[in-house]
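Visitor: Before I ask anything, here is the structure I am working with.
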Amino acid sequence: MQTTNSLSSLIQSLGEFPPEAVIFGASESMQTLRARMDKVASANVPVLIHGESGTGKDIIARMVHGLSPWKGGPFVKVNCPAIPGTLLESELFGYEKGAFTGAYGSKPGRVELAHRGTLFLDEISELDLALQSKLLQLLQDGQFCRIGAQEDKKVEVRVVCATNRVLEQEIENGTFRQDLFYRINVVNLHLPPLRERRADIPGLVEYFLDYYNRKYNCRARSLSSDLLTTLQKYHWPGNIRELENLMKRYVILGSEDVISNDLMERGEQEYFNPDLNFDGPISLKKVTRQATRELERKIILKVLQAHHWNRKQAARALSISYRALLYKIRDAGLPPNRTSRKRPEATMNSGAAAD
Ligand SMILES: Nc1ncnc2c1ncn2[C@@H]1O[C@H](COP(=O)(O)OP(=O)(O)OP(=O)(O)O)[C@@H](O)[C@H]1O
Ligand SMILES: [Mg+2]
């Protein structure tokens with residue numbers, strides 16, 4: 001089993017990687033993942049990385065390679081959906097001269113290029129059944145056949161696969177081979193969605209803030225605690241990629257309004273996710289009031305948007321008085337009008353724009 005140090009030194013050697021404390025955070029699920037990765041290091045077995053889009057499968061695949069016995073060898077990534085079906089076989093397994101029209105010479109596939117290294121098959125569920133059986137053979141005996149070749153070739157390669165689909169479901173649908181699933185799933189690394197590791201959000205926010213401030217030579221300030229709380233409540237369908245992009249925009253544009261408006265425009269905050277503290281008594285009245293207020297806020301925002309922020313029209317549409325709407329807008333912490341939502345973009349290097 002690898003020691004903690006080996007993982008830390010690996011991350012350092014990978015250069016642009018976030019520090020270990022940021023990648024794994026403090027959440028239990030990520031600590032379990034980390035411990036698993038340490039174990040994976042010494043065993044040259046296939047690994048299946050599973051997680052929603054933007055949860056960091058790419059990062060983890062590269063780390064698995066960096067921890068493997070063939071870390072000095074190549075890391076060859078194949079983004080399966082990006083290569084059209086007909087080309088994928090030749091891209092993966094290569095071809096011999098004359099194998100098909102246009103094959104004027106022979107060419108090794110990525111499987112061969114990954115010899116004594118890692119072959120990372122991203123979005124493995126996109127492989128068609130014929131290619132799945134070729135991959136199965138590779139995993140069984142390390143052999144494969146270039147298109148048009150008479151004989152099999154042998155490679156030593158560590159296969160890491162990633163998917164954001166539930167492969168068991170694909171098997172049931174008849175689109176994924178069960179025997180292949182067992183082969184690639186010797187070690188399974190599950191990456192939890194960001195909404196299930198909310199405690200890690202402040203660390204990620206701080207990291208991206210610092211990273212993009214340095215990268216773009218900006219001086220955006222730390223986020224207010226109110227906004228940080230909002231970020232921790234948001235459900236992040238795009239996971240860490242979405243958070244990273246949000247922070248990048250914040251750093252470049254330099255205003256917290258950017259983030260607030262972004263989140264509002266997505267209109268996808270978890271309004272029905274009240275903070276329940278199970279250590280003490282829960283006030284049903286209070287929680288319900290909070291949920292009602294949040295629902296009201298969402299409806300008002302939608303109606304304002306539908307009426308291009310014309311508050312008189314919005315008030316009519318909501319069957320309330322104009323004054324009542326103004327009060328509710330203020331009470332809900334919504335911007336008073338559209339112009340105040342669209343701030344001029346701050347120039348770089350100006351630091352966080354004053355609100
Ligand atoms: N644990 C992490 N710590 C810091 N940054 C991370 C972490 N995980 C992912 N990221 C960043 O989030 C972005 C998305 O990560 P990545 O590309 O690895 O996700 P993915 O799961 O492969 O997504 P997809 O399924 O869309 O390919 C990247 O810019 C990556 O640097
Ligand atoms: Mg990816």
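Visitor: Within the set of pairs 6+ apart or on separate chains, which have a first residue in the stretch 278-306 that is of a type in the set (G, A, S), a second that is modelled with pLDDT under 80, and C-beta atoms under 8 Å apart?
Guide: A291/Y271; A291/F272; A291/P274
Visitor: Look at the stretch 179-230 and say how many of its residues are within 19 Å of G51 (Cα to Cα) and of a type in the set (D, E).
Guide: 2
Visitor: Let me ask something else about it. When you scan the stretch 200-218, how many residues do you find that are surrounded by fewer than 13 Cβ atoms within 10 Å (Cβ to Cβ) and touching a residue at least 40 places away in the same chain (Cβ under 8 Å)?
Guide: Summing the residues that are surrounded by fewer than 13 Cβ atoms within 10 Å (Cβ to Cβ) and touching a residue at least 40 places away in the same chain (Cβ under 8 Å) in the stretch 200-218 gives 1.
Yes or no, residue by residue, for (1) without any contact (Cβ under 8 Å) to a residue 12 or more places away in the chain; (2) among the β-branched types (V, I, T); (3) closer than 20 Å to W70 by Cα:
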| position | (1), (2), (3) |
| --- | --- |
| L113 | no, no, yes |
| T118 | no, yes, yes |
| L129 | no, no, no |
| G142 | no, no, yes |
| R158 | no, no, yes |
| E170 | no, no, no |
| T175 | no, yes, no |
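Visitor: Applying the selection to the stretch 60-84, what residues are under 22 Å from D152 (Cα atoms) and either modelled with pLDDT under 90 or crowded, with 18+ Cβ neighbours inside 10 Å (or both)? Before the answer, list the steps.
Guide: Going through the stretch 60-84, the residues under 22 Å from D152 (Cα atoms) turn out to be 74, 76, 78.
The answer is V76, V78.
Visitor: Helices (runs of 4 or more DSSP H) wholly in the stretch 251-348 with at least 2 residues that are at pLDDT 80 or above and under 23 Å from T230 (Cβ atoms) - which ones? Full working, then the answer.
Guide: Working: elements: 256-266, 284-306, 311-318, 322-331.
Correct list: 256-266, 284-306, 322-331.
Visitor: If you don't mind, there's one more thing I want to ask. State whether one or more residues within the stretch 201-218 are modelled with pLDDT under 95 and under 28 Å from E168 (Cα atoms).
Guide: Looking for residues that are modelled with pLDDT under 95 and under 28 Å from E168 (Cα atoms), one finds none in the stretch 201-218, hence no.
Visitor: So, of the residues in the stretch 42-55 that are in contact with a Lys or Arg (Cβ under 9 Å, 6 or more places away or on another chain) and away from ligand 1 (no atom under 12 Å from the Cβ), which turns out to be nearest to E242 (Cα to Cα)?
Guide: Ranking the qualifying residues of the stretch 42-55, first place goes to V47.
Visitor: Could you tell me how many of the residues in the stretch 58-93 are under 16 Å from the mean Cα position of the chain (by Cα) and more than 28 Å from K107 (Cβ to Cβ)?
Guide: Of the stretch 58-93, the ones under 16 Å from the mean Cα position of the chain (by Cα) are 58-63, 79.
Now restrict to residues that are more than 28 Å from K107 (Cβ to Cβ): 59-60, 63.
Number of matching residues: 3.
Visitor: If we scan the stretch 136-143, do we find a residue that is within 16 Å of ligand 2 (Cβ to nearest atom) and touching a helix residue (DSSP H, G or I) at 6+ places or on another chain (Cβ under 8 Å)? I'd like the intermediate steps shown before the answer.
Guide: Start the filter on the stretch 136-143 by keeping residues that are within 16 Å of ligand 2 (Cβ to nearest atom), which leaves none.
Scanning the stretch 136-143, I find no residue that is within 16 Å of ligand 2 (Cβ to nearest atom) and touching a helix residue (DSSP H, G or I) at 6+ places or on another chain (Cβ under 8 Å), so the answer is no.
Visitor: For the stretch 160-189, what are the residues that are out of contact with any helix residue (DSSP H, G or I) (no Cβ under 7 Å at 6 or more places or on another chain), outside any helix (DSSP H, G or I) and either surrounded by 14 or more Cβ atoms within 10 Å (Cβ to Cβ) or among the aromatic types (F, W, Y) (or both)?
Guide: Passing the criteria: N164, T175, N185, V186.
Visitor: Would you confirm whether any residue within the stretch 64-78 is of a type in the set (S, T, Y), within 16 Å of ligand 2 (Cβ to nearest atom) and in contact (Cβ under 8 Å) with a residue 24 or more places away in the chain?
Guide: At the first step, the residues of the stretch 64-78 found to be of a type in the set (S, T, Y) are 68.
From the residues that got through so far, the ones that are within 16 Å of ligand 2 (Cβ to nearest atom) too are none.
No.
Visitor: Also, I was wondering about something else. Does S125 qualify as being within 16 Å of ligand 2 (Cβ to nearest atom) and hydroxyl-bearing (S, T, Y)? Outline the logic, then answer.
Guide: Numbers: within 16 Å of ligand 2 (Cβ to nearest atom): yes; hydroxyl-bearing (S, T, Y): yes.
When the stated conditions are applied, S125 passes them.
Visitor: Which residues, counting only those in the stretch 206-263, are within 16 Å of ligand 2 (Cβ to nearest atom) and touching a Ser or Thr at 6+ places or on another chain (Cβ under 9 Å)?
Guide: Within the stretch 206-263, P237, G238, N239, I240, R241 qualify.
Visitor: Mind checking which residues of the stretch 111-136 are β-branched (V, I, T) and either away from ligand 1 (no atom under 16 Å from the Cβ) or touching an Asp or Glu at 6+ places or on another chain (Cβ under 8 Å) (or both)?
Guide: Going through the stretch 111-136, the residues β-branched (V, I, T) turn out to be 111, 118, 124.
Listed by number, the list holds a single entry, V111.
Visitor: Suppose the filter is at pLDDT 95 or above, under 21 Å from the mean Cα position of the chain (by Cα) and of a type in the set (A, V, I, L, M); does A162 pass it?
Guide: Details: at pLDDT 95 or above: yes; under 21 Å from the mean Cα position of the chain (by Cα): yes; of a type in the set (A, V, I, L, M): yes.
Considered against the rule, which asks whether it is at pLDDT 95 or above, under 21 Å from the mean Cα position of the chain (by Cα) and of a type in the set (A, V, I, L, M), A162 comes out as yes.
Visitor: Could I ask something else about it? In this structure, is L223 away from ligand 1 (no atom under 11 Å from the Cβ) and crowded, with 17+ Cβ neighbours inside 10 Å? Break it down into steps so the answer makes sense when it comes.
Guide: Numbers: away from ligand 1 (no atom under 11 Å from the Cβ): yes; crowded, with 17+ Cβ neighbours inside 10 Å: yes.
Yes; evaluated as a whole, the condition is true for this residue.
Visitor: If you go through the stretch 36-43 one residue at a time, do you hit one that is within 16 Å of ligand 2 (Cβ to nearest atom), touching a residue at least 40 places away in the same chain (Cβ under 8 Å) and surrounded by 16 or more Cβ atoms within 10 Å (Cβ to Cβ)? Steps first, answer last, please.
Guide: Going through the stretch 36-43, the residues within 16 Å of ligand 2 (Cβ to nearest atom) turn out to be none.
No, the stretch 36-43 contains no residue that is within 16 Å of ligand 2 (Cβ to nearest atom), touching a residue at least 40 places away in the same chain (Cβ under 8 Å) and surrounded by 16 or more Cβ atoms within 10 Å (Cβ to Cβ).
The values are calculated or read from the model by the stated rules, or taken from the named source; none is laboratory data. Small disclaimer: the values here were computed from a predicted structure and weren't measured. All Cβ positions, even for glycine, are placed from backbone atoms using ideal geometry, and neighbour counts span all protein chains on display.
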